[in-house]
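Worksheet: one structure, shown below.
Derivation of every value follows stated rules applied to the coordinates shown; laboratory data play no part. Only a predicted model underlies this, so the values are computations on that prediction, with no experimental measurement involved. So basically every Cβ, Gly included, is an ideal-geometry build from the backbone, and we count neighbours across all protein chains shown.
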Amino acid sequence: MKDDVTLMKGNEALAIAAIRYGADGYFGYPITPQSEVLECLEAQMPWETTGMVVLQAESEVAAINMVYAGASCGKTVFTSTSSPGFSLMQEGMSYMAASEVPALVINVMRGGPGLGTIHPSQADYFQACKGGGHGDYHMIVLAPSSVQEMADFVALGWDLAFKYRCVSMILADGLVGQMMEKVVLPPQRPRRTEEQIRQLCPWAVNGRKGMRPKNIVTSLELDDDKMEENNHRFQATYRLIEKNETRCELVDTDDCDYLIVAFGSTARISMKAMEIARKQGIKVGLARPITLWPFPVKHIREAAKNVKGILVVELDAGQMIEDVKLATECRLPVEHFGRMGGNVPTPDEVLNALKEKFIND
Amino acid sequence: MKEEIIIAGFGGQGVLSMGKILAYSGLMEDKEVTWLPSYGPEQRGGTANVTVILSDERISSPILNEYDTVVVLNQQSLDRFESKVKPGGVLIYDSYGIHKVPTRKDIEVYRIDAMEATFELKNAKSYNMIVLGALLAIKPIVTVENVLLGLKKSLPERHWHLMPQNEQALRHGMSLVKK
């Protein structure tokens, strides 16, 4: 067994993967079920090895604005929080989108609304994928379903954020954050040098040294025509992201009669329900969106081509189901099954829901 | 090979640590591993449980309907999880404080006196290693060598001097098992 293969919690994998990516800074405020991110970073003390800053802010509002500032300088920065904390960050999210700065924001969802519970939920889907902050903006939303993906999506999230000058979000839940699994860690990369940042981010505010015109990073544009032009540019970027970066895993969809669509932890539970169903002779397939925005419309449409019905399994009252209905243009029955408030269904509950909605009379 | 296990008892009995050692042992054998704790306020004195899955293949759900092996260390956990043992599966319970014994006939039931053994060894902290020893004697899903390697990997270095005591407890637990 190699040293880089180890066992850790999803939250710890986020922290270690960020250090190894060569992150410049983390700014966050602790909240269950993701406090291990900050705890793990502080235990690792990366400021003594890579020089990375780890700072516990006074609030989530402060943390997101620290990320905004770091990102404006072209630095590789991130924050992590859970649902109530993410609500506090919405102003910053919208400002960062309008300022076109690259950053990584992690939401390990818990049961809501309000302060709610500390147990798993997926009820921030709308908030992550349909705005949350004000204005026409999107961020790339990645949905890990294993500890390995928690580690991998840190690098993917930052790569995409810098490529498109947008915010990437890892939308996980308490289950993926708290469970331990085997994980292969990426190699340690050095932090970017000032010179590398100048090349990669010519727009960044990191000192002119008399060599280039002044850079301004702002979300304020009082000239309506210029602001409309900005909006057209944002939308063009979003169309490009939709074209290039849509990701989805399809499992046993070639011959399926029924399709389950689920992401993150519910995709794992649904996979077990699918295994049990197949043993009973019911042909079930699974479509697991990996990017929730952009939503894998074509993948779902293709997987649903010959099915009798689609069951959307979520830890909420029915949010992603709207995107599944849009993707399939309401041509076939799409039903929802979910638990709420921090409760998680068993594989049997998922399979019974599928039978009740489509098979039993 | 795939083994789906749940260990349940009081918070403080070392349930989560025992699961962690088992998970690390699986890692030493290059298996796929998932460890899912019950997390939250119930860990302070209430009931705690942990699901551990070891498999040669990709693991689907960390949440399960039923288990190959159920290890219960108090009455509440026995009441809750006896019905969750797969037919033909294994139920292991500590007799300490149990007033309502398991009744199922379609599973293998093992009673172990781990708490009493802990009193004899005069080392309360070795309780979960005794239980783990008993589990391995009944179901040798990982080797003792790999458990010791896994234990070492799961412990911070400052606790490595306790390894011999842990090994003693583990082997004592293995000797407790009689059907």
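Values computed for the structure shown
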{"read-out": "Matching strands (runs of 3 or more DSSP E) fully within the range B:1-72 where at least 1 residues are touching a Lys or Arg at 6+ places or on another chain (Cβ under 8 Å), within 9 Å of chain A (Cβ to nearest Cβ) and buried (at least 23 other Cβ atoms within 10 Å of the Cβ)", "value": "B:32-37"}
{"read-out": "Within the range A:230-255, considering residues that are within 28 Å of the chain's Cα centre (by Cα) and either part of a loop (DSSP other than H, G, I, E, B) or of a type in the set (Asp, Glu) (or both), the one surrounded by the fewest Cβ atoms within 10 Å (Cβ to Cβ)", "value": "A:Asp254"}
{"read-out": "Counted residues, the range A:13-55 - those being without any contact (Cβ under 8 Å) to a residue 40 or more places away in the chain and assigned to a helix (DSSP H, G or I)", "value": "10"}
{"read-out": "Any hit, the range B:104-112, residues being hydrophobic (A, V, I, L, M, F, W, C), farther than 27 Å from A:Ile269 by Cα and under 14 Å from the mean Cα position of the chain (by Cα)", "value": "yes"}
{"read-out": "Those helices (runs of 4 or more DSSP H) lying entirely in the range B:73-179 with at least 1 residues in contact with a helix residue (DSSP H, G or I) (Cβ under 8 Å, 6 or more places away or on another chain)", "value": "B:114-121, B:127-138, B:144-154, B:163-175"}
{"read-out": "Residue within the range A:165-179 that is in contact (Cβ under 8 Å) with a residue 12 or more places away in the chain and more than 24 Å from the chain's Cα centre (by Cα) present", "value": "no"}
{"read-out": "Checklist (1) among the acidic types (Asp, Glu); (2) within 14 Å of chain B (Cβ to nearest Cβ); (3) under 19 Å from A:Cys256 (Cβ atoms) applied to A:Glu349, failing item", "value": "(3)"}
{"read-out": "Condition met for A:Leu156 (without any contact (Cβ under 8 Å) to a residue 40 or more places away in the chain and buried (at least 18 other Cβ atoms within 10 Å of the Cβ))", "value": "yes"}
{"read-out": "Hits in the range B:112-138 - residues which are under 25 Å from B:Lys86 (Cα atoms) and surrounded by fewer than 17 Cβ atoms within 10 Å (Cβ to Cβ)", "value": "B:Asp113"}
{"read-out": "Conditions (1) over 24 Å from A:Glu322 (Cβ atoms); (2) within 14 Å of chain B (Cβ to nearest Cβ); number of the one not met by A:Gly174", "value": "(1)"}
